[in-house]
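A.B. asks: What follows is a structure written as structure tokens; I'll ask about it next.
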Amino acid sequence: MKIKSALLTLLVSLSLAVLITACSDDQSLEGKTAATADKPSTAVKKPAHNPFDHSHDEAVTDVVKHQFEHEFADQCVARELKGSANPDVDKPRLDKDCMCIAKYMMKDLSSEEAKHFLKQHENPHSLQIKFDAAAYFCVQNKQQPKGPHLFGKQH
């Protein structure tokens, strides 16, 4: 019985020790005091790395954005007109919707995405994600016209 209680106490103690050390700060206490002694109030914190931050990416010029906007919109219209039963009627609506999608995507376009699309004629996965969000914003989120009122039910 004494062995079981001793083992249980040891197990609980080790678990607490691991938990407490796992929650400790990465920087040692000595490093903190040395850093504060050298620079008492002028220490500048370096921001944490954000994988979604494209600020380290080279800036996309307005010319490249404009070129992307028109090429993407033209490609979108051509793709949508392939499946259209009445292309003459659908083209004006598609021009407007595809231009809205291209402008929405252009807002946070990275230089890498622009290069893949414009020079290599590829559609990276990140552009597909932006396209889905833009399509929802420009097309699906619009107020739909009310359907006909037949037999007491609204469609």
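The values are calculated or read from the model by the stated rules, or taken from the named source; none is laboratory data. Just so we're clear, the structure is a prediction, and the values are computed from it rather than from any experiment. Please note: Cβ atoms are built from the backbone with ideal geometry, for glycine as well, and neighbour counts cover all protein chains shown. The area values use the complete protein model at the heavy-atom level, side chains included, leaving out ligands, DNA and RNA. Shrake-Rupley method; radii C 1.70, N 1.55, O 1.52, S 1.80 Å.
A.B. asks: Taking segment 94-143 only, how many residues are of a type in the set (D, E, K, R) and assigned to a helix (DSSP H, G or I)?
C.D. replies: Result for segment 94-143: 9.
A.B. asks: Are any of the residues in segment 60-74 among the hydrophobic types (A, V, I, L, M, F, W, C), modelled with pLDDT under 85 and either farther than 21 Å from ALA134 by Cβ or open to solvent by less than 80 Å² (accessible area, probe 1.4 Å) (or both)?
C.D. replies: Looking for residues that are among the hydrophobic types (A, V, I, L, M, F, W, C), modelled with pLDDT under 85 and either farther than 21 Å from ALA134 by Cβ or open to solvent by less than 80 Å² (accessible area, probe 1.4 Å) (or both), one finds at least one in segment 60-74, hence yes.
A.B. asks: Now for a separate question. Taking SER84 as meeting all but one of (1) over 16 Å from the mean Cα position of the chain (by Cα); (2) assigned to a helix (DSSP H, G or I); (3) within 20 Å of GLN140 (Cα to Cα); (4) of a type outside the set (Asp, Glu), write down the number of the exception.
C.D. replies: The single condition SER84 does not satisfy is (2).
A.B. asks: Additional query: For segment 97-109, name all the residues that are open to solvent by 60 Å² or more (accessible area, probe 1.4 Å) and modelled with pLDDT of 90 or more.
C.D. replies: Result: LYS103, TYR104.
A.B. asks: For segment 76-96, how many residues are open to solvent by less than 70 Å² (accessible area, probe 1.4 Å) and within 17 Å of PHE117 (Cβ to Cβ)? Outline the logic, then answer.
C.D. replies: Quick first cut of segment 76-96, residues open to solvent by less than 70 Å² (accessible area, probe 1.4 Å) only: 76-78, 81, 84, 87, 90, 94-95.
Then drop every residue that is not within 17 Å of PHE117 (Cβ to Cβ), which leaves 76-78.
Selection size over segment 76-96: 3.
A.B. asks: Separate question: Output the residues belonging to segment 82-114 that are without any contact (Cβ under 8 Å) to a residue 24 or more places away in the chain and within 13 Å of HIS66 (Cα to Cα).
C.D. replies: Hit for segment 82-114 is LYS107, nothing else.
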